[in-house]
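Contents: one structure, followed by commentary.
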Amino acid sequence: MLTLYTYFRSSAAYRVRIALGLKGLPYASAPVHLVRDGGQQHSPAYQAINPQQLVPALTTEDGTVLTQSLAIMEYLDEAYPDRPALLPADALGRARVRALAQAVACEIHPLNNLRVLRYLMQELGTTEAQKTAWYQHWVCTGLDALEAMLASSGATGRFSHGDRPSLADCCLVPQMFNARRFGCPLENYPTIARIVAACEQLPAFQQAAPEQQPDAQA
Ligand SMILES: N[C@@H](CCC(=O)N[C@@H](CS)C(=O)NCC(=O)O)C(=O)O
């Protein structure tokens, strides 16, 4: 059985939850509370699983631990090729989907991660308002680019790439969840909004949503 180390509000874990749903793969959830107990990601037990002290991590069926959401999702795609694909069949399509996914996972998300926001406030002494301004600035910078990439390409369809959900959508939807949570202005992103609305009609996206996770209730 696959086991996902997850936190309901973690957008990186949310990506993998969507991917598991799209592939139709059952898994066990192992919640890691990022705030409680000083952050359970820092516990020796979790550090033994992921020395980066970040979620998600995934234990494969043979017990191997995988980290990094993009690597995990690509593993799932390669290890379960008979399930719906998260990447297109053609090299150019794969490059485009990876670029869209990385625009979220490598450009937007790392700047706004919990530990970065904490460092801003606790070590650099920013105010709550300054922290929020930082957050919104980097989200909007990234989303401006993503909107342009999606709106200008004929490869964009009902979803980020064509008419089937892909790795790009697995990254986009959680990022938009975070953007809404932090009050980012989103009116300039009509293409992204349309794609997110299409994704949110699918059970894989609905079941992966933070509010549906068992640890959201705890
Ligand atoms: N690049 C990593 C990012 C993982 C990551 O930053 N996870 C966040 C939650 S979304 C985390 O565990 N943060 C804990 C912390 O900042 O202490 C991935 O894609 O898996």
field: Residues of region 187-205 classified as part of a loop (DSSP other than H, G, I, E, B) and under 18 Å from the mean Cα position of the chain (by Cα), total
entry: 3
- request: Return only the number of the condition from (1) free of Cβ contacts under 8 Å to residues at least 24 places away in the same chain; (2) within 12 Å of the ligand (Cβ to nearest atom); (3) assigned to a loop (DSSP other than H, G, I, E, B) that Ala71 does not satisfy.
  value: (3)
query: Could you say whether any residue in region 174-197 is of a type outside the set (Phe, Trp, Tyr), over 17 Å from Val104 (Cβ atoms) and crowded, with 16+ Cβ neighbours inside 10 Å?
result: no
task: Hey, can you tell me all the residues within region 88-105 that are more than 16 Å from the ligand (Cβ to nearest atom) and not acidic (Asp, Glu)?
output: Pro88, Ala89, Ala91, Leu92, Gly93, Arg94, Ala95, Arg96
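If you check Leu86 against the conditions, is it crowded, with 19+ Cβ neighbours inside 10 Å and under 19 Å from Cys171 (Cα atoms)?
Criteria met by Leu86.
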query: Failed condition for Leu114, given (1) within 13 Å of the ligand (Cβ to nearest atom); (2) not assigned by TED's automatic domain parsing to the domain that holds Ala168, with all others met?
result: (2)
Checking Glu78 against (1) exposed (fewer than 13 other Cβ atoms within 10 Å of the Cβ); (2) closer than 20 Å to Cys171 by Cα; (3) within 10 Å of the ligand (Cβ to nearest atom), the condition it does not meet: (3)
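In region 130-138, is there at least one residue being closer than 24 Å to Pro56 by Cβ and not assigned by TED's automatic domain parsing to the domain that holds Arg15?
The answer is yes; a qualifying residue exists.
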- line: Residues of region 117-134 being over 25 Å from Gln40 (Cβ atoms), assigned to a helix (DSSP H, G or I) and either more than 16 Å from the ligand (Cβ to nearest atom) or modelled with pLDDT under 95 (or both), in sequence order, are Ala129, Gln130, Thr132, Ala133
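The values are calculated or read from the model by the stated rules, or taken from the named source; none is laboratory data. Please read all numbers here as calculations on a predicted model, not as lab measurements. With ideal geometry, Cβ positions are generated from the backbone for all residues, glycine too; neighbour counts draw on all protein chains shown.
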